[in-house]
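Beneath this line is the structure, given in structure tokens, with notes to follow.
The values are calculated or read from the model by the stated rules, or taken from the named source; none is laboratory data. Quantities reported herein were computed from a predicted structural model and do not represent experimental measurements. Heads up, the Cβs are rebuilt from the backbone with ideal geometry, glycines too, and the neighbour counts pull from every protein chain shown. Just the protein is used for accessible areas: all its heavy atoms, side chains included, with ligands, DNA and RNA removed. Shrake-Rupley method; radii C 1.70, N 1.55, O 1.52, S 1.80 Å.
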Amino acid sequence: PQKVLVLFLVLNAGFSDCETKAESKPNFVVLIADDLGIGDVSAFGNTSLLTPNIDRIASEGALLTHHLAAASVCTPSRSAFLTGRYPVRTGMASAARNRVFLFVAAAGGLPSNETTFAKTLRAHNYGTALIGKWHLGNDCQVKGDACHHPLSHGFDYFYGIPLTNLKDFGNDGESVVKSYFPNFMSYLTTFATIGLSLVIITFTKKYHKLSYLTFFLFCALPLSAIVFQQSIKLMNSVLMRGTQVIEQPVQLEGITDRLVNEAKGFIDSQTAQNKPFLLVLNFIKVHSAHFPNKQFKGKSGIGKYGDCVLEMDYGIGKVLDFLSDNNLKDNTFVYFSSDNGGHLEEVGADGIAEGGSNGIYKGGKGHGAMEGGIRVPTAVMWPNRIPAQSVISVPTSQMDIFSTIHDILRIGPPKDRIIDGKSILPLLLKPKSTPSPHQFLYHYCGTYLHGVRYVEDADNVWKLYFYKPKYKPGGEYKCQFMCMCFEGHVVHYDPPLLYDIVRDPEENLPIDIASDLKYQQIVDKIAKAVDEHKRSVVSVPSQFTFTNTIWRPWLQPCCQYPTCQCTESKQI
């Protein structure tokens, strides 16, 4: 009997071990570019700029040619990606001019009651890390409360920038403020000079009260605005490990290597514990300011932007190599995408374009529902599950990754809220025979619904526009640095414009709705869906109110007082 018992225990242990290996949880590696256009990637047809490592993901997995961001700018797009929900549902959509957070020391951000896929994975014993760009808020009321910080949204580890990269963060004198308002400095200087003259005149005439008021309005305020503009870099160029500021301002040259090294260190720490992991690596490239590492300067032959694309692609290759070298590749789901399309209006002080290419698609970053701003370069690989060299051309959304991760883990999505993303796992596993999980996709610009995509079937996808940006004359599909979403800055179409997005992806041929009854039926079906969708959107507190987006001095991060300047090496 004892021999039988021993044999039973041995066999049972062997069976349990096999079962564990068969059901081992996959790792997730999410790689997100910043402002990379679909026309910047060689897998999507670019022949002048080669991206072999992004292409490697597509070659060993699937290329998603109709993958859509939920917004054409980063803050709402990133919130939708993490939560699987349209930004209007979470308060992360703006009704005003500004649709992204401009200050680290602002109170707005991703609400703490939102469920990210990182929270889900951490609850299922995953180690979770976000490395790179966040741009979804930091503190709320008190410095250090970290209510919007990655550590409060399901990530165990954070190394990166809580805001974004800005033109002001370089050392070449360029500024995002000057891009919005080209004559910003000259106007303020002139204003202050006139004001100072009036102060002298009124003071010498002994109109003292008037001189004080004149000084405040014409001198103090303009001079304060100039000082504030000059301080953008110091206040907002912040690198954190956890909640601690370790570098201020951030040294942009070489930042990709630092992010990749942190990613490797995190993976090492998780594999040492035999723990499945989620790594979200949000590259700071290729958002301006553009400061490529030394080995990439001039390498692309098309300027600093191209050099930065090559640097980012190189970083992706380092991560993929690390997975392979550590026998993690076969059990890792790798997803690559960009937060939105390329920024067409981005131009350097020398007049050379510093934004990306959106290929054949019109529009770009910030352009609402325009295809160039929301159709993003995307590739996914999961060896032995996703067929190699697959091409998925039916519409999918970045919001789908939330539900896809839940599906892979065989758990249902949250039932206490509407999740807009759909699982694309069936589509990834059987791309040739599986339809799009979506019937309708809604394209917002801030809080304004600019367009809708109706997926009738794989061969019939329709796009309806209610609004388009009011572009500058010349036919270049460009605005003044950034397009706006609201009245005065948009063209309203009534009746709306209808396109056959499969046969006319460049959107050159708006359909005459009155020419055929079937087109009117399509418009009617979309109108009904819009009505149902709008009824499902519940009003929530906006994270983009004036008080949520202004700079709050008491929330300002500072690595060491009073200078607020330090380098990472001095913090270690």
Calculated from DSSP H runs of 4 or more alone, at -39500 (n - 2.57) each and per residue, what is the 222 nm mean residue ellipticity of the chain, nearest 500? -9500 deg cm²/dmol
Once the mean 1/r over all distinct Cα pairs of region 440-490 is inverted, what Kirkwood radius in angstroms do you read off? 12.3
Can you give me the pair-distance distribution of the chain, C-alpha pairs, 20 Å bins, whole percents? 20, 53, 22, 5, 1, 0
Extension gain, residue 299 back to residue 273 (0.36 nm per residue minus Cα-Cα distance, nm): 5.4 nm
Report, please, the projected area of region 70-152 averaged over directions, based on the convex hull of its C-alpha atoms, in nm². 5.7
Starting from the Kirkwood radius over alpha-carbon pairs of region 262-327, derive D by Stokes-Einstein at 10 °C in a medium of 1.306 mPa s and give it in µm² s⁻¹. 119
Solvent exposure of region 260-367 as accessible area per residue, Å², 1.4 Å probe: 34
Show me the trypsin sites (Lys or Arg not before Pro) within region 499-560 that DSSP assigns to loop and that have at most 14 other Cβ atoms within 10 Å of their Cβ. 503
So which trypsin sites (Lys or Arg not before Pro) in region 399-468 end up in coil per DSSP with only 12 or fewer other C-beta atoms within 10 Å? 410, 415, 432
Antiparallel DSSP beta bridges within the chain, percent to nearest 5: 55
Could you compute the FRET efficiency for residue 487 and residue 519, with r as their C-beta to C-beta distance and R0 at 30 Å, rounded to 0.05? 0.65
Just subtract the alpha-carbon distance of residue 112 and residue 25 from 0.36 nm times their residue separation and send over the number in nm, one decimal. 28.6 nm
If the cut-off is a Cα-Cα distance under 14 Å, which aspartates and glutamates reach residue 525, setting aside same-chain residues fewer than 8 apart in sequence? 456
Solvent exposure, largest accessible area first (probe 1.4 Å, DNA, RNA and ligands not counted), of 324, 288: 324, 288
Heavy-atom accessible area ranking, 1.4 Å probe, most first, across 110, 50: 50, 110
Over the Cα atoms of region 293-438, compute the convex hull volume and normalise it per residue, giving Å³. 165
Looking only at region 154-175, which residues have a backbone nitrogen under 19 Å from a spot 7 Å from the Cα of residue 352 in the C-beta direction? 167-175
For the chain, list the DSSP H helices whose alpha carbon atoms reach 15 Å or more along the long axis and whose average Kyte-Doolittle value is 0.0 or above? 2-22, 184-204, 304-325
A 28 angstrom limit on the alpha carbon distance is what I want to check against. Which of 25/430; 285/362; 304/472; 143/415; 133/472; 329/365 exceed it? 143/415; 133/472; 329/365
Radius of gyration and Dmax for region 379-534's Cα atoms, expressed in Å? 17.9, 52
